[in-house]
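Notes for the one structure printed next.
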Amino acid sequence: MPRLFDPHIHMYSRTTDDYQAMSKAGIEVIVQPSFWLGSPRRFVGTFEDYWENMISFETKRAKEFGIEHFTCISVNPKEGAARPLAVEAVDAMVKNGYLERDRVVAVGEIGYDQINELEEEIFVKQMNIASERHMLMTIHLPHKNKLKGIQNLERIMNDNARSNKTKHDSNKMLIDHNVEETIKQTLEMGMWAGLSVYPITKLSPDMAIKILAKYGTEHVMIHSAADWGRSNPLSVPLVAQEMKKSGQFNDNEIDKVTFTNAIEFFKQSPKFTWNP
Ligand SMILES: [Zn+2]
């Protein structure tokens, strides 16, 4: 059976049946970034309870199915424009030590949703928090206008490199929800690229395979980004199978995008305590 890693999945919204199926399909380790719960939050306390739930309860729940679970903590891009809530929540995240907790391997997901200045303020603030602590970050490309999202990120990186602002290490940045139009730029900037494979809309397994055939398997990883919406917690095993069937990739290349690249990336964090 292949050994698999899903580096982006929101188990908060999934059932024990999903865990069972994931375990059966060979998924050994997962990373769960902070997401938007589906309705606007009104209190800082709901962020804190959510982070606590992921760090403690979800890690234990995954373990019952033989799956190692790690988390990324953040105020999600979809919550970034709320004022004063987003600012207060980021302050609580830092002040109350969530980033120092066991198995918190990155700040994320952070980034843009609608792409506006309020979101960017919270995005940049969280990028700085990550880099000042030498932490990894997982960055969400917006579902609409992805190209503008990646171009804005490049502008932020260049601004910081030229000035005396906080420097960001592109090797510690994972850019998720890449598509054909953004992956080249992500890889050229020296970052890691995630491909979110969904069953119906957005990026299908076929589209992901085309991208891998064109741009290669270095620094790229497949994930499900499964959440409340139409998504598939078995996207990683599915893509592994489809890659094999296509005859375009050898076992090492399949292994890279479904297991070892994600290990390479996350083991840069001392909190990624799992050994394959
Ligand atoms: Zn996500």
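The table below gives the values:
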| quantity | calculated |
| --- | --- |
| Estimated vicinal HN-Hα couplings, Hz - region 35-44 in sequence order (Karplus 6.51, -1.76, 1.60; Gly, Pro = x) | 10, 8, 6, x, 9, x, 7, 10, 9, 4 |
| Antiparallel bridge percentage (DSSP; both residues within the chain; nearest 5) | 0 percent |
| Cα-based convex hull volume of region 230-273 per residue, rounded to whole Å³ | 91 Å³ |
| Mean-position separation - Cα centroids, region 113-151 and region 166-180, in angstrom | 9 Å |
| Length-normalised contact order of region 4-266 in % [C-alpha pairs under 8 Å, at least 6 apart] | 19 percent |
| Helix-derived mean residue ellipticity, 222 nm - over the chain, DSSP H n ≥ 4, -39500 (n - 2.57), to 500 | -11500 deg cm²/dmol |
| Most mobile of Lys172, Lys210, Lys245 in a GNM of the chain (Cα contacts under 10 Å) | Lys245 |
| At most 14 other Cβ within 10 Å, DSSP loop - chymotrypsin sites (Phe, Trp or Tyr not before Pro), region 42-139 | Phe43 |
| Cut-off 18 Å, label 7 Å out along Cα→Cβ of Gln20, residues of region 55-98 by amide N | 61-67 |
| Per-selection Rg to Rh, the chain - Cα, Kirkwood hydrodynamic radius | 0.94 |
| Lysines with Cα under 21 Å of Lys256, excluding same-chain neighbours fewer than 8 positions away | Lys24, Lys172, Lys184, Lys210, Lys214, Lys244, Lys245, Lys267 |
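Every number in this text was worked out from the coordinates using simple rules, so none of it is lab data. Because the structure is predicted, anything quoted here is derived from the model rather than measured. A quick note on method: Cβ atoms are made from the backbone with ideal geometry, for glycine too, and the neighbour counts reach across all protein chains shown.
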